[in-house]
Each structure stands twice: as structure tokens, then as C-alpha cells.
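These notes are about the structure you will find just below.
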Amino acid sequence: MFVLTRKCCFKQNSKFPQNFQAWRHYANSAEELEKHRQKVMSKGLPKVKPITGVKHIFLIASGKGGVGKSTTAVNIATALKVLQPNKNVGLLDADVFGPTIPLMMNLNESPILNQDNLMEPLINYGVKCMSMGFLITESSAVIWRGLMVMQALDKLLRQVHWGSVDYLIIDTPPGTGDTHLSLVQNIPISGVVLVTTPQIAALNVTRRGAVMFQKLKVPIVGIIENMSYIKCPACSNKVHIFGSATQSIAEEFGISIMAHIPLKQKITDSMDKGVPIVISDPLSTEAEAYKNVGNSLIKFVNITANEL
Ligand SMILES: Nc1ncnc2c1ncn2[C@@H]1O[C@H](COP(=O)(O)OP(=O)(O)OP(=O)(O)O)[C@@H](O)[C@H]1O
Ligand SMILES: [Mg+2]
């Protein structure tokens, strides 16, 4: 009964060849089919589209987890606001699975919707922030497949009333995956700042990140060596507990090391309290280092603008 039904269906559907000759012919046209498939696929690929009102977008990234991307993103965003109080700065937490920006920026309300059904970003230290963490409870776990993550990311980018933003800093999750690809394919990125610790294990993964951005033709502005050293509490000597291999990767990719940030309890505490060191200890050498990075980004934007 089953065979009859199949035969019957095959006959009715003229697209399915009925004999071997016909199948060969069908196979020959596979090339054309592939061309057609590629044409359809290329139509389906996302197009780079600016975010309304947003001028310059920088990604903070590293292949490696836990090296201080979010800490760096928060401090660069606040440093930019301190350096140029008249400019508007945004901070987007693109880590959908492990958002930390709410804690680090001491923000925990739910964003309100405006008349146009767009979410209003939450603001602290003058920086407009958006994060998945504002939309879910602290203890919830996001268990999503790739497509859902992309849709959430799109909402965080485009369903937000960013208003006018001169610099949007995007904190990215660890790895070199869907999120990074989706960001690069959907929005115009001015550049990426890589963050790494000087340990060989971290650098090897950071290198993968650098290669990915090179392949995607995203300019690498520079690299920040985080947890660069600790200062001995007794003699104040610098101890490079994670080694000092960052220079090699900087040379390999022809990029500069933008800052060496020490491993310092004050930084950990400031992040847990939601007051970035740029704000809590503005005269510290670390705050100065983050401001130097901010100045480098401002310069980078100006140079790029002049080249156009
Ligand atoms: N220079 C530093 N000195 C002291 N603590 C630091 C420093 N940089 C980061 N930390 C602390 O290390 C932990 C990891 O930092 P952070 O969350 O910024 O890393 P991440 O790369 O964003 O991690 P993930 O890959 O999970 O997103 C945090 O608790 C943070 O406060
Ligand atoms: Mg992070």
C-alpha cells in the first residue's frame, strides 16, 4: 500500500524523474540548481545597515573568556564620556547568555517602551546602556538556539531608542561565533579592540579572534593587555604572573598595545560595586590608561573620517 502511494505521488509530481536516464539529466542540472540556491542565499544574507542615530561603533572582543572584555568595555565607555562630556556614548551588552553590564554599570530596572514601541536605554554615568540582563531576571538562564540569539541581538540593536550616539561600545561574548559574525554582517563597525591577558593560553585564542576580524575586514584598532601584572604589596615591584607574550601577537598583526592594565583588587571591587574605576578613582593610573584608550579611539575615528 505504501509503495503504491509513493509511486503514485512520484508520477503526479513531474519534477521527480521516473527512470535512470531522467535521474542523470536531473543530476546534470544540479550545477544550475546550486547556482540558483546561491542566488537565493545571497538575497537572504543580512545587509549592513546603520543603527539610526549611531555614528561610530567599536567592538570589544577576544576569543578568550574571562580576560576582562566587559571590564574594559565599561571603562572605555565611561572614559569616553569623561573625555567628551558633550558627546553621547552608548554601551551595548551583546553577551546574551552571560550579561554582566547591568552589574558593572549598577543598572537593574526594566527599560520602558516609548510611543514608538522602542526601549529606552538605561543611563548611568552619562552612558546609555542596553543589555539582555535588563529584560530577564538575574537568576534566569537563557537557553536559545543560534537564530533566537540573532533575533534577540537585533532587538537590542534596533528596537532601542538610542537617540543620538557618537560612540557605541559593544561588549561581545567570548569566542568567535554567531554573535560576532552577526554584528559584523548587520551593522557598520568602525573597529575592534582586542582584550587579552599575556598568558600564552589566552593569546592563542585571542589570535583566532584577530584572524576572524581580519577575514571579516574589520579594522583592529589595537590590543589591551589586561591583568598585565600585579604590584607586590611589599616592594611595589611589578610581577608578571601571566607572562608577557602580548608583544608577539601585536607584532604578528601589526597592531599596537593600547594599554597594560594591572590585576588589581580595586578593579575587581569597582566592577562588583558597579562603579567603574574611571569614576571611582579617576586619578589612578588605571583610569588614566582607560582614558588613553578612549583618546586613541577618538583619534582613530578622526583619522578614518579624514581618509574618507
Ligand atoms: N584588571 C583587572 N584587575 C582585577 N580584576 C579584573 C581585572 N579585569 C577584570 N577583572 C575581573 O575579572 C573578572 C572577569 O572580567 P570580565 O567579566 O570583564 O571578563 P570577560 O572577558 O568579559 O568575561 P566573559 O568572557 O565571561 O564575558 C571580573 O570579576 C572582573 O571584575
Ligand atoms: Mg563579559
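Being in contact (Cβ under 8 Å) with a residue 60 or more places away in the chain and within 14 Å of ligand 1 (Cβ to nearest atom) is a property that does not hold for residue 259.
Could you list all residues from the stretch 138-166 that are of a type in the set (A, V, I, L, M, F, W, C) and in a loop (DSSP other than H, G, I, E, B)? 141, 142, 143, 144, 162, listed by residue number.
Of the residues making up the stretch 64-88, those that are touching a residue at least 12 places away in the same chain (Cβ under 8 Å) and surrounded by fewer than 17 Cβ atoms within 10 Å (Cβ to Cβ) are 65, 66, 84, 85, 87.
Regarding residue 78, is this residue at pLDDT 95 or above, within 16 Å of ligand 1 (Cβ to nearest atom) and touching a Pro at 6+ places or on another chain (Cβ under 6 Å)? Taking the combined requirement at face value, the residue satisfies it.
Taking the stretch 263-303 on its own, how many of its residues are part of a loop (DSSP other than H, G, I, E, B) and over 14 Å from residue 71 (Cα atoms)?
The number of residues fulfilling the criteria is 4.
Kindly check whether there is at least one residue in the stretch 127-134 that is outside any strand (DSSP E or B), away from ligand 2 (no atom under 15 Å from the Cβ) and in contact (Cβ under 8 Å) with a residue 40 or more places away in the chain. There is no residue in the stretch 127-134 that is outside any strand (DSSP E or B), away from ligand 2 (no atom under 15 Å from the Cβ) and in contact (Cβ under 8 Å) with a residue 40 or more places away in the chain.
Cβ-Cβ contacts under 9 Å between residues 6 or more apart (or on different chains), taken from a first residue in the stretch 107-121 that is more than 14 Å from residue 162 (Cβ to Cβ) and assigned to a loop (DSSP other than H, G, I, E, B) to a second residue that is small (Gly, Ala, Ser) and modelled with pLDDT under 95, are listed as 107/133; 108/133.
For residue 272, the conditions (1) in contact with a Leu (Cβ under 8 Å, 6 or more places away or on another chain); (2) under 24 Å from residue 179 (Cα atoms) all hold with the exception of (2). Only one entry in 192, 278 is aliphatic (A, V, I, L, M) and either within 16 Å of ligand 2 (Cβ to nearest atom) or at pLDDT below 95 (or both), namely 192. Checking each residue in the stretch 167-215 for being over 28 Å from residue 239 (Cβ atoms), in a strand (DSSP E or B) and in contact with a helix residue (DSSP H, G or I) (Cβ under 8 Å, 6 or more places away or on another chain) picks out 167, 169, 170, 171, 191, 192.
Aliphatic (A, V, I, L, M), part of a loop (DSSP other than H, G, I, E, B), at pLDDT below 95 and farther than 12 Å from residue 169 by Cβ, is that true of residue 40? In short, no.
Look at residue 199 and say whether it is modelled with pLDDT under 95 and in contact with a Phe, Trp or Tyr (Cβ under 7 Å, 6 or more places away or on another chain).
Values: modelled with pLDDT under 95: yes; in contact with a Phe, Trp or Tyr (Cβ under 7 Å, 6 or more places away or on another chain): yes.
Judged against the criteria, residue 199 is a match.
Annotation note: Cβ proximity below 8 Å between a residue of the stretch 234-246 that is at positive phi and a residue that is among the aliphatic types (A, V, I, L, M) (sequence gap 6+ or interchain) occurs for 243/200. Residue check, residue 58 against (1) touching a residue at least 60 places away in the same chain (Cβ under 8 Å); (2) more than 27 Å from residue 211 (Cα to Cα), all met but one. Which one? Every listed condition holds for residue 58 apart from (2).
Could you tell me whether any residue of the stretch 91-99 is free of Cβ contacts under 8 Å to residues at least 40 places away in the same chain, surrounded by fewer than 19 Cβ atoms within 10 Å (Cβ to Cβ) and in a loop (DSSP other than H, G, I, E, B)?
Going through the stretch 91-99, the residues free of Cβ contacts under 8 Å to residues at least 40 places away in the same chain turn out to be 99.
Subsequent filtering for residues that are surrounded by fewer than 19 Cβ atoms within 10 Å (Cβ to Cβ) retains none.
No, that holds for no residue.
Filtering the stretch 209-230 down to residues that are loosely packed, with under 14 Cβ neighbours inside 10 Å and either among the basic types (Lys, Arg) or within 16 Å of ligand 2 (Cβ to nearest atom) (or both), which residue is nearest to residue 289 (Cα to Cα)? Only one residue tops the list, namely 217.
The values are calculated or read from the model by the stated rules, or taken from the named source; none is laboratory data. Everything numeric in this text was worked out from a predicted model, so none of it was measured. All Cβ positions, glycine included, derive from the backbone under ideal geometry; neighbour counts span all protein chains shown.
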